[in-house]
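Have a look at the structure below before the remarks.
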Amino acid sequence: FLAHEEMAALMGMLRGAFAFNADSEVSIEVDPRKVEVATVAFLRELGFNRMSLGIQDFDPEVQKAVNRIQTEAGTRTVIEAARAEGFSSINADLIYGLPRQTIAGFATTLDKVIDLAPDRIALYGYAHVPHLFKAQRQIAVHELPAADTKLAILETAIDKLTRAGYVYIGMDHFAKPGDELAIALREGKLH
């Protein structure tokens, strides 16, 4: 993560080079393991008003398999801080098809994410391409779920998220009914 001074300088350069409308969407993706509450406030001061958080999966076994240990409590703290600071939209990124992932385990993750109530959820299918991503070389291929299990995890996610009130936008995205993506979809204006 960039130091505060570097981030402030970068935003200053962007605002100097481009005219930002008062209602511009200024989004940032953060890793909840590396962001403190004070940083969330700082990002809001810089003008960010949308935040995306990488979650992937809360299952500890899956997290170990992908070398990304992240607590639900830490993630909740970042989301609550963003809401308190006035971020207009919170997005959660999830990945299905990760090593050691099960239908039941991902269902539990979905329950936890639904409880966090992000405005949008991006649900990406894991693509194992270790020749492109060095970090994937550490993943044990035999621990990846079979194709039918991966599909069942996706079906479970679609069912749980839509039953929780999220609109399936398509292209791996879900949004609350009042979100501008859901409204655009409903009005036939999404493109």
Among (i) 63; (ii) 58; (iii) 69, find the value of percent of Cα pairs over 19 Å apart that was calculated from the structure presented, and write down its label. (i)
Under Karplus coefficients 6.51, -1.76 and 1.60, residue-wise ³J(HN,Hα) of region 41-52 in Hz, glycine/proline x: 4, 4, 4, 5, 4, 6, x, 5, 10, 10, 9, 10
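Go ahead and run the numbers for FRET between A152 and H131, Cβ-Cβ distance against an R0 of 35 Å, rounding to 0.05.
0.80
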For I158, what accessible surface area do you get with a 1.4 Å probe? Give it in Å², rounded to 10. 50 Å²
Under the Karplus relation 6.51 cos²θ - 1.76 cosθ + 1.60, θ = phi - 60°, what is the ordered set of whole-Hz ³J(HN,Hα) values for region 78-86, x standing for Gly and Pro? 5, 5, 5, 5, 5, 5, 4, 7, x
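Could you state the accessible area per residue of the chain in Å², with a 1.4 Å probe and every protein chain left in place?
Ligands and nucleic acids excluded, the figure is 54 Å² per residue.
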Quick check: the angle from helix 103-116's long axis to the longest principal axis of the chain, C-alpha only, nearest 10 degrees? 20 degrees
What trypsin sites (Lys or Arg not before Pro) in region 28-76 are in a loop by DSSP, with at most 14 other Cβ atoms within 10 Å of the Cβ? R33, K34
Carbon/sulfur fraction of accessible area - the chain, other protein chains in place, 1.4 Å, %: 57 percent
Using modelled backbone amide H atoms (1.01 Å from N, in-plane), which distant-in-sequence or interchain residues come within less than 5 Å of I169's amide H? F174, A175
Could you size up the charge dipole of the chain around its Cα centre, putting +1 on the beta carbon of Lys and Arg and -1 on that of Asp and Glu, and report it in debye to the nearest 20? 260 debye
Karplus-derived 3J(HN,Hα), 6.51/-1.76/1.60, for each residue of region 148-156, Hz, glycine and proline x: 5, 5, 4, 5, 5, 5, 4, 4, 4
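Using the Cα gyration tensor of region 18-126, with a ≥ b ≥ c the square roots of its eigenvalues, what is the shape: rounded (a/c below 1.5), prolate (a/b larger than b/c) or oblate (neither)?
The shape class here is prolate.
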Given backbone amide H placed at 1.01 Å from N, residues whose amide H is under 5 Å from that of Y124, ignoring those fewer than 5 places away on the same chain, are L94, I95, Y96
Once the whole set of protein chains is in place, how much accessible area is left on L14, using a 1.4 Å probe, in Å² to the nearest 10? 60 Å²
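The values are calculated or read from the model by the stated rules, or taken from the named source; none is laboratory data. This is a predicted model, so every value here is computed, not measured. For neighbour counting, all protein chains shown are included, and Cβ atoms are generated from backbone atoms with ideal geometry for every residue, glycine included. Protein only, heavy atoms only, side chains kept; ligands, DNA and RNA dropped before computing areas. Shrake-Rupley method; radii C 1.70, N 1.55, O 1.52, S 1.80 Å.
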